[in-house]
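Just below is one structure, and these are the notes that go with it.
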Amino acid sequence: MSSLALIKKISERILLIRGEKVILDSDLAEFYGVATKRLNEQVRRNRSRFPDDFVFQMTSAEKSEVVAKCDHLAKIKFSKSLPFAFTEHGALMAASVLSSPRAIQASVLIVRTFVLMRRMLVTSSEVAGRLTAIEHELIKHDGKMASIVEVLRQLTNPSMRPKRRIGFVKLKMES
């Protein structure tokens, strides 16, 4: 598979859980070419290398939610154990404790994917900000245009009462 295809596949496996972009242990193990059990075993053996901001174990509710949303996670639906969720730094640390050539290559692609996603988020935030500014300007212009249209209507519509003629008026004298 080409690097771009792998990055696309990795980006599809990155999920947002607890406000963090993470990759689940089963997906990470697949990319690193090891069994999920072996990956989790290494995490438990090297717990000091995996603080809570690198990896966390999901709750039952979180597991149910991701299984319902992601078809590729159907394999963990009936698993008794709760999956681990790895942040970008946790995925990199997992590669270092596994230290296989495939894990090292895959970790580089995973980090690149996280970086790419971060760039896309910044770009989309900038675009959203620009669109908001344009929307505010349009709202201002809409108000001004409505005022102009109202004045034009008043100028073009004759009033309902007859206009008084300019000049002298003859008064009728009573005799």
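Here are the numbers:
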quantity	calculated
Tally of residues being touching a helix residue (DSSP H, G or I) at 6+ places or on another chain (Cβ under 8 Å), over 15 Å from Val22 (Cα atoms), among the hydrophobic types (A, V, I, L, M, F, W, C) and free of Cβ contacts under 8 Å to residues at least 24 places away in the same chain across the range 55-79	1
Number of the exception - His72 against (1) within 26 Å of the chain's Cα centre (by Cα); (2) closer than 19 Å to Val115 by Cβ	(2)
Unique residue being loosely packed, with under 15 Cβ neighbours inside 10 Å and not in a helix (DSSP H, G or I) when the list is Ser81, Ser64, Ser96, Ser48	Ser81
Per-region count, the range 19-40, residues more than 15 Å from Ala94 (Cβ to Cβ) and touching a helix residue (DSSP H, G or I) at 6+ places or on another chain (Cβ under 8 Å)	1
Test: residue in the range 11-23 that is modelled with pLDDT of 85 or more, of a type in the set (Gly, Ala, Ser) and farther than 17 Å from Thr113 by Cβ	yes
Single unsatisfied condition, Val34 versus (1) over 23 Å from the mean Cα position of the chain (by Cα); (2) without any contact (Cβ under 8 Å) to a residue 40 or more places away in the chain; (3) outside any helix (DSSP H, G or I); (4) surrounded by 12 or more Cβ atoms within 10 Å (Cβ to Cβ)	(2)
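The values are calculated or read from the model by the stated rules, or taken from the named source; none is laboratory data. This is a predicted model, so every value here is computed, not measured. When we count neighbours, we look across all protein chains shown, and the Cβ atoms used for this are built from the backbone with ideal geometry, even at glycine.
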